[in-house]
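Colleague: Just dropping this structure here.
Values quoted throughout were computed directly from the atomic coordinates according to the rules given, and no laboratory measurement underlies them. Please read all numbers here as calculations on a predicted model, not as lab measurements. We place every Cβ from the backbone using ideal geometry, glycine too, and count neighbours over all the protein chains shown.
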Amino acid sequence: MKKVLLFLGIAVLLFIAFILFNTFTFKSKQLSAPEKPSFAASDSSVSRLQQAITYQTVSFEDSSKLDSSAFLGFHTFLMKSFPTIFKTVTVEKVLKYSLLLHWKGKSSAGSPLVMMAHQDVVPIEEVTIKKWDAAPFAGTLKNGFVYGRGTIDDKGSLMALLEGVEALMREGFVPENDIYIAMGHDEEVGGKGARAIADLFKARNIKPGVVVDEGGIITKTKIPGLTRPAAIVGIAEKGYVTLDLQINIPGGHSSMPEKETAIDELAKAVVKLKDNPFPEEMGYVLNSFLDYVGPEMSFVNKMAMANRSIFKPLIFNAYKNSAAGNAMIRTTTATTILKAGIKDNVVPGQANATVNFRTQPGTTREDVIAYVKKVIGNDKVEITARPVGSNPKQVADVNHASFTHMQNTINGWDSKLIVTPYLVLGATDSKSFSELTQQIFRFIPFTDPEGFHGVNERINAEDYKKGIGFYYQYLKYYKF
């Protein structure tokens, strides 16, 4: 008995030693990049952003609803606002409204850089207009914030990028390699413009080394356990799959309903999908995220991150408690549309549901369909996949020099920030370039954006001016 207890005691001590060893050797991945002199953006840059918001470049699924005068007017505004850029670059219009700018570098031998931002914005719901503190397309500056649709998504980054480029050009700066600026016109409704631009690259055999688009942000609140603000840089984005579920069962009068009705059976299917979510995954992106944020946390959190093979269930449980955290660890399921019935006393013979899935990198449409069939377990439910969707498999390598440059730029721009790789939960135009390069980064240099796609979308004017400096420094010191 004594030997057994001794053995157990030694085993416990070794286990504790193993955990402590992993914890104390879990080193920070933050770089000690010296902070570079900040770029001083003028107040006129804020005025130009305000003007940009006044162009109602709303995109629609039905492209015939698009206001061509708004987009063409916006193009004219850009040319007048950034004269040095448009005298220097080659401008190409793609699908009438998307813009591709080509800034030639000192050498065309290296891989070009692609900087992306989109011109279009989502519409304003009529019922919400009175809830805005300022008119959504007026570009009002109020209490230090610029209000308006697109201030965050995505005219803020589009204008900040062009402000940085204009400043560099006026200084006589010429990049080492070619730089392309791709500005799609319909990102919010699928991104045909960006796809057409990517197709041009393929046809011309242009292979970018790095692509930078919207996605990650600077956050003070979204990562539990961190006491410092973090710049979360998207190294991958989730895919997009939509399935239509339909069930047909003869209906009839509501006074004599059958035991099985179309609505009942469809409701059971929807509930099964809700009650049986996709399993948690700890893939490359989540592991990289934990590698970068874990060492910056308190000892207990650091210990869990350093020993995630042991504490994985606890980590997953912690992330499941928030919508954003849950979305990071699994393919998510959301029933978004239900349709059935035409009259209160008629049992419908058909019921329909639309279910949207945001997939983990590598999870295909076929994987989703197979999982849904297995969970529902009812052959009466017809499952049809919508053709619109995405499956961006590429995940950027955080050990590549291009991620180091992103990290150095952010720390040189603001040394207080923790930089970490991240999984972007939505879809961006950059997905169209996933067949052209692995190194796609999704980041805008703004802090905890407010109201995008909703009421009171706005950006802090000083935060916007500071963000211009990020693009200025990223491009100035980009050398690959």
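Colleague: Using modelled backbone amide H atoms (1.01 Å from N, in-plane), which distant-in-sequence or interchain residues come within less than 5 Å of residue 145's amide H?
Modeller: 461
Colleague: Quick check: residue separation of residue 318 and residue 87 times 0.36 nm, minus the Cα distance between them. What number comes out in nm? Please report the intermediate quantities before stating the final value.
Modeller: Working: separation 231, 0.36 × 231 = 83.16 nm, distance 5.28 nm.
Computed gain between residue 318 and residue 87 is 77.9 nm.
Colleague: Which is farthest toward the positive dipole end of the stretch 325-480 among 395, 377, 346, measuring Cα position about the Cα centre, with Cβ charges +1 (Lys, Arg) and -1 (Asp, Glu)?
Modeller: The Cα lying farthest towards the positive end belongs to 377.
Colleague: Once each part is reduced to its C-alpha centroid, what is the distance from the stretch 13-62 to the stretch 206-283 in angstrom?
Modeller: What the calculation gives is 26 Å, centre to centre.
Colleague: Scan the stretch 119-216 for GluC sites (Glu not before Pro) in coil per DSSP, keeping those whose Cβ has at most 12 other Cβ atoms within 10 Å, and list them by number. Please list the in-between numbers first.
Modeller: Values: sites: 125, 126, 163, 166, 171, 176, 187, 188, 214; in loops: 125, 171, 176.
For GluC sites (Glu not before Pro) across the stretch 119-216 that sit outside H, G, I, E and B with at most 12 neighbouring Cβ atoms in 10 Å, the list reads 125, 171.
Colleague: Using the 2.2 N^0.38 Å rule of thumb for compact globular proteins, work out how the stretch 291-399 stacks up: its C-alpha Rg over that value, please. Intermediate values should be presented prior to the final figure.
Modeller: On the way: Rg = 19.8 Å, N = 109, 2.2 N^0.38 = 13.1 Å.
The stretch 291-399 yields a ratio of 1.51.
Colleague: Hey, what do the phi angles of the stretch 95-107 turn into as Karplus ³J(HN,Hα) couplings, whole Hz, using 6.51/-1.76/1.60 and θ = phi - 60°, x for Gly and Pro?
Modeller: These are the phi-based 3J(HN,Hα) values: 6, 6, 10, 6, 10, 10, 9, 10, 9, 6, x, 5, 9 Hz.
Colleague: Assigning unit charges at the beta carbon (Lys, Arg +1; Asp, Glu -1) and nothing else, what dipole magnitude in debye, to the nearest 20, does the chain show about its Cα centre? Numbers along the way, then the final one.
Modeller: Numbers: 54 positive and 48 negative charges, 250 e Å.
Result for the chain is approximately 1200 debye, rounded to the nearest 20.
Colleague: Only helices at least 24 Å long along their axis, Cα-based, and averaging 1.6 or more on Kyte-Doolittle count here, so list those DSSP H runs from the chain.
Modeller: On the way: long enough: 2-24 (32 Å, 2.17).
Counting only whole DSSP H runs, the qualifying helices are 2-24.
Colleague: Further question on the same structure: If you plug each phi of the stretch 139-150 into the Karplus form 6.51 cos²θ - 1.76 cosθ + 1.60 with θ = phi - 60°, what whole-Hz ³J(HN,Hα) values come out, in order, with x for Gly and Pro?
Modeller: Couplings: x, 6, 9, 9, 6, x, 10, 8, 9, x, 5, x Hz.
Colleague: Return, for the Cα atoms of the stretch 187-317, the radius of gyration and Dmax in Å, separated by a comma.
Modeller: Radius of gyration, then largest Cα-Cα span, for the stretch 187-317: 23.3, 67 Å.
Colleague: If you build the convex hull over the alpha carbons only and average its shadow over all orientations, what do you get for the stretch 318-382? Give it in nm² to one decimal. Show your work: numbers first, answer last.
Modeller: Working: hull surface 24.9 nm².
If you wrap the Cα atoms of the stretch 318-382 in a convex hull and average its projections, you get 6.2 nm².
Colleague: Distance check, please: which entries in 274/339; 142/416; 302/393; 36/465 exceed 22 angstrom between their Cα atoms? Each step should come with its number before you reach the end.
Modeller: Working: 274/339 18 Å; 142/416 28 Å; 302/393 30 Å; 36/465 16 Å.
Result: 142/416; 302/393 exceed 22 Å.
Colleague: Starting from the eigenvalues of the Cα gyration tensor, five times each then square-rooted, give me the equivalent ellipsoid semi-axes of the stretch 287-351, largest first, whole Å.
Modeller: On the way: eigenvalues 398, 20, 17 Å².
Those come to 45, 10, 9 Å.
Colleague: While we're looking at this one, here's another question. Averaging sequence separations of C-alpha pairs under 8 Å and six or more residues apart, then dividing by the length of the chain, give the relative contact order as a whole percent. Please report the intermediate quantities before stating the final value.
Modeller: Numbers: 952 pairs, mean separation 126.8, N = 480.
With pairs under 8 Å counted, the relative contact order is 26 percent.
Colleague: A further question on this structure: What number do you get for the stretch 167-221 when its Cα radius of gyration is normalised by 2.2 N^0.38 Å, N = residues? Could the numbers behind the result be given before it?
Modeller: On the way: Rg = 14.9 Å, N = 55, 2.2 N^0.38 = 10.1 Å.
Expressed relative to 2.2 N^0.38 Å, the Cα Rg reads 1.48.
Colleague: A further question on this structure: Return the long-range amide H neighbours of residue 98 (sequence gap of 5 or more, or a different chain), with a cut-off of under 5 Å between placed amide H atoms.
Modeller: 185
Colleague: Label point 7 Å out from residue 107 along Cα-to-Cβ: which residues of the stretch 391-407 have amide N under 19 Å?
Modeller: The answer is 401-402, 405.
Colleague: What is the antiparallel percent of DSSP beta bridges lying wholly in the chain, to the nearest 5? Show your work: numbers first, answer last.
Modeller: Working: 45 of 67 bridges.
Given both bridge residues lie in the chain, the antiparallel proportion sits at roughly 65 percent.
Colleague: OK, next. Mind listing the phi-derived Karplus ³J(HN,Hα) values for the stretch 425-441, rounded to whole Hz, using 6.51, -1.76 and 1.60 with θ = phi - 60°, and x for any glycine or proline?
Modeller: With the stated coefficients, the stretch 425-441 comes to 7, x, 9, 10, 4, 5, 4, 5, 9, 5, 8, 9, 7, 7, 8, 10, 10 Hz.
Colleague: Oh, and also: Excluding residues on the same chain fewer than 8 positions from residue 222, give the aspartates and glutamates whose Cα lies under 16 Å from its Cα.
Modeller: 296, 448, 450
Colleague: Where does each of 256, 169 land when they are ranked from fewest to most other beta-carbon atoms within 10 angstrom?
Modeller: Numbers: 256 7, 169 18.
Exposure proxy ranking, most exposed first: 256, 169.
Colleague: Multiply the residue separation of residue 1 and residue 336 by 0.36 nm, subtract the distance between their alpha-carbon atoms, and state the gained length in nm to one decimal. Can you show the working numbers first?
Modeller: Details: separation 335, 0.36 × 335 = 120.60 nm, distance 6.14 nm.
Full extension from residue 1 to residue 336 adds 114.5 nm.
Colleague: What are the residues whose amide H is under 5 Å from the amide H of residue 58, where those residues sit 5 or more places off or on another chain and H is modelled from the backbone?
Modeller: Answer set, sorted by chain and number: 67, 121.
Colleague: Here's a follow-up. Over the alpha carbons of the stretch 121-257, what is the largest minus smallest coordinate on each principal axis, giving the biggest first in Å?
Modeller: 81, 48, 38
Colleague: Another question, if that's okay. Express the Stokes-Einstein translational diffusion coefficient of the chain in µm² s⁻¹, to the nearest whole number, given a Kirkwood radius over alpha-carbon pairs, 20 °C and a viscosity of 1.002 mPa s.
Modeller: On the way: Rh = 24.7 Å.
Translational D for this selection: 87 µm²/s.
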